[in-house]
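The values are calculated or read from the model by the stated rules, or taken from the named source; none is laboratory data. Small disclaimer: the values here were computed from a predicted structure and weren't measured. Cβ sites come from the backbone with ideal geometry, for glycine too, and all protein chains shown count toward neighbours. To get the accessible areas, we keep the full protein, side chains included, count just its heavy atoms, and leave off ligands, DNA and RNA. Shrake-Rupley method; radii C 1.70, N 1.55, O 1.52, S 1.80 Å.
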Amino acid sequence: PMCEVRKQHSVCILPQQQEGASFPPASTLGGNEPQQQSTTSTPNGAGGTTTDQQPGNPMSGMWVLGLMFVVVYLFLIRPERKRQKAQTELRASITKGDKVITSGGIHGAVVALDEAIITLKVDDGTRIKFSRNAVVHITSDKGEAAAEAAPKS
C-alpha cells in the first residue's frame, strides 16, 4: 500500500482502491465526537524518536515564581523585620531602674548603661555587665509601656 500524510491525517491507498479516493480519517468515522489532539512520534536519523509538540509560552512559569516570592515575603521576611524592629526599639528604650530579662534568662535591674553595654544588679552586691542585645524583655512598671509595644514571639 502507498501511504502519505495529508493535513495531519495519514491516507493509505490500497491496490483495490481507485487512485483518487481515500479512506476517511478514523476520528471522523464515529460521528460528531470532538477530535482530540495528540502528539505524533516520528523516527529521526539519530536512532531515536522526536515528539512534535507545540512550544509553550516561556513566560507561563514566571507567574508561579513571582507568586512564590510574594508568599515568602509575606510569611517569612516581613514578620521577621517587624520582630527585629520591635526588639531594636525595646533595647533603645532601656533606662536606669528598669527590670529586665536577658536572653540567658537572668533577671536584674539596670543600674548603669551606655551605648552598647548595660550593667544589671542581680542580687545584693552582684552586678553583671551585658550587651544591650542580650535584653529580650522589660518587666518593671517603669518599662512596661516599652514591653507592651514589643510583640511577644
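Quick rundown of the values:
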item: Residue within the range 86-99 that is of a type in the set (Asp, Glu) and either in a strand (DSSP E or B) or under 22 Å from LYS129 (Cβ atoms) (or both) present; result: yes
item: Filter result (open to solvent by less than 60 Å² (accessible area, probe 1.4 Å) and in contact with a Lys or Arg (Cβ under 6 Å, 6 or more places away or on another chain)) within the range 117-132; result: ILE118, THR119, ARG132
item: Flag for ALA86 being of a type in the set (A, V, I, L, M, F, W, C), in contact (Cβ under 8 Å) with a residue 12 or more places away in the chain and in contact with a Lys or Arg (Cβ under 6 Å, 6 or more places away or on another chain); result: no
item: Neighbours by Cβ (under 7 Å, 6+ apart or cross-chain): first from the range 110-125, assigned to a loop (DSSP other than H, G, I, E, B); second of a type in the set (Ser, Thr, Tyr) and open to solvent by less than 80 Å² (accessible area, probe 1.4 Å); result: ALA116/SER131
